[in-house]
Amino acid sequence: MSNVSPSTPAGAIGSIAPLFLPNPVTLYETRARRLRLLAERDASLRGYLSFAAQVVEVQHTLSRYDNSPPMPTTTLHVDWVTPPLSMARLLQDPFWQESLTTLLAALLPHVPEPVQVVLERLRKLNATQRTAAAHALFNNDVSLIGSDGAPFLWAALSLAAMQRVARSKIVVDNKSEAERHLCPLCGNAPVASIIHPDGLRYLHCRLCESEWHVVRAQCSNCESSRDIGYWSLEKQFPAIKAESCGDCHGYLKILYQKDDKDIDAVADDLASLALDARLEDEGFGRSSINPFLFPSP
């Protein structure tokens with residue numbers, strides 16, 4: 001099953017739901033389990049996948065025990081033009097800062113010394129410095145936080161974004177013909193495409209973890225359909241392909257749920273780095289970033 005709940009489509013029209021909303025508790029629980037399984041399968045990535053599972057397990061705990069004051073129910077209007085989940089508003093919510101502090105404290109006793117150094121560096125940042133780093137990170141700029149610190153900051157931000165979505169009423173206008181290569185809720189890029197068992201394609205947001213419908217055989221970055229190619233390492237990753245675009249020279253992974261019902265956008269994307277290497281050798285550049293793998297500045 002997808003980590004977004006099939007029972008919570010937003011604005012379904014006819015047989016196609018334009019948007020699926022995440023369940024934070026379920027998503028983190030299943031993702032941690034998936035990361036542990038993938039770590040057992042691949043000795044070369046075992047350490048990093050296990051580390052990612054540790055982070056997700058703390059996210060899961062925080063999603064279950066959110067002690068922040070109840071927020072009034074708000075309505076987010078999805079018009080596919082202006083993302084209603086404002087990053088400025090998200091950063092004003094103290095919950096993400098509290099989540100980051102708790103996340104760092106929970107991980108410190110269980111990570112190796114080099115990671116402890118990173119966590120301690122993040123703990124010493126004040127609220128203003130954290131907010132500035134988060135603003136930069138939304139633009140894929142890790143210069144204020146470091147590529148080693150970015151996954152922790154992003155983990156707190158992602159949880160806060162999901163919590164805000166969970167507390168909001170979502171109203172979807174599915175008649176708009178606007179471009180759909182970015183998340184209609186928060187404006188972030190997808191981490192991967194998911195082909196649901198019914199054959200429909202959804203892009204999975206790297207921040208708020210929502211999924212939105214986009215037609216197949218169309219570039220998820222520039223929306224061109226002129227020169228689309230598909231690549232795979234079928235023996236290693238039978239349920240994963242990469243979709244490349246000859247126009248923008250970008251690519252994004254496609255994960256097929258009918259071939260693996262437990263596949264996870266973030267976990268399986270991270271575990272299939274060999275396919276990324278193949279695409280880079282062919283001259284294509286990744287059109288998004290995995291939350292656990294920010295590039296160095």
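The residues of the stretch 256-279 that are in a loop (DSSP other than H, G, I, E, B) and under 15 Å from LEU38 (Cα atoms), listed by number, are ASP260, LYS261, ASP262, ILE263, ASP264, SER272. The residues on offer are ALA127, ALA132, ALA136, and the sole one that is among the hydrophobic types (A, V, I, L, M, F, W, C), farther than 21 Å from LEU27 by Cα and free of Cβ contacts under 8 Å to residues at least 12 places away in the same chain is ALA136.
If you go through the stretch 138-155 and keep only what is modelled with pLDDT of 95 or more and not in a loop (DSSP other than H, G, I, E, B), you end up with ALA150, PRO151, PHE152, LEU153, TRP154, ALA155. Residues considered: LYS253, LYS241. Of these, the only one that is over 27 Å from ASP79 (Cα atoms), in contact (Cβ under 8 Å) with a residue 12 or more places away in the chain and not in a loop (DSSP other than H, G, I, E, B) is LYS241.
Can you say whether ASP259 is of a type in the set (Asp, Glu) and either touching a strand residue (DSSP E or B) at 6+ places or on another chain (Cβ under 6 Å) or farther than 23 Å from LEU49 by Cβ (or both), as far as the supplied structure shows? Judged against the criteria, ASP259 is not a match. CYS186 satisfies every condition listed in (1) modelled with pLDDT under 90; (2) assigned to a loop (DSSP other than H, G, I, E, B) except (1). Residues in the stretch 280-297 that are farther than 14 Å from ALA52 by Cα, part of a loop (DSSP other than H, G, I, E, B), in contact with a Phe, Trp or Tyr (Cβ under 8 Å, 6 or more places away or on another chain) and not hydrophobic (A, V, I, L, M, F, W, C): GLU282, SER287. Among the residues of the stretch 277-296, are any of a type in the set (Asp, Glu) and under 19 Å from the mean Cα position of the chain (by Cα)? No - not one qualifying residue is present in the stretch 277-296. For ALA178, the conditions (1) within 29 Å of PRO84 (Cβ to Cβ); (2) of a type in the set (A, V, I, L, M); (3) touching a Lys or Arg at 6+ places or on another chain (Cβ under 8 Å) all hold with the exception of (3). Of all the numbered requirements in (1) surrounded by 14 or more Cβ atoms within 10 Å (Cβ to Cβ); (2) within 25 Å of SER44 (Cα to Cα); (3) touching a residue at least 24 places away in the same chain (Cβ under 8 Å), ASP260 misses one, and that requirement is (3). Only one of these is touching a residue at least 24 places away in the same chain (Cβ under 8 Å), surrounded by 22 or more Cβ atoms within 10 Å (Cβ to Cβ) and in the same structural domain as LYS258 (by TED's automatic domain parsing): CYS183, CYS205, CYS219. Name it. Exactly one residue qualifies, and that residue is CYS219.
The condition of being within 22 Å of ASP276 (Cα to Cα) and within 13 Å of the chain's Cα centre (by Cα) holds for ALA192. For the stretch 22-37, a tally of residues being surrounded by fewer than 22 Cβ atoms within 10 Å (Cβ to Cβ) and assigned to a helix (DSSP H, G or I) returns 8. Check the stretch 222-232 and report whether any residue there is under 20 Å from the mean Cα position of the chain (by Cα) and crowded, with 17+ Cβ neighbours inside 10 Å. Taking every residue of the stretch 222-232 in turn, none turns out to be under 20 Å from the mean Cα position of the chain (by Cα) and crowded, with 17+ Cβ neighbours inside 10 Å. Of all residues in the stretch 215-248, those that are under 27 Å from LEU38 (Cβ atoms) and of a type in the set (Val, Ile, Thr) total 1.
The values are calculated or read from the model by the stated rules, or taken from the named source; none is laboratory data. All of these numbers come straight from a predicted model, not from anything done at the bench. For neighbour counting, all protein chains shown are included, and Cβ atoms are generated from backbone atoms with ideal geometry for every residue, glycine included.
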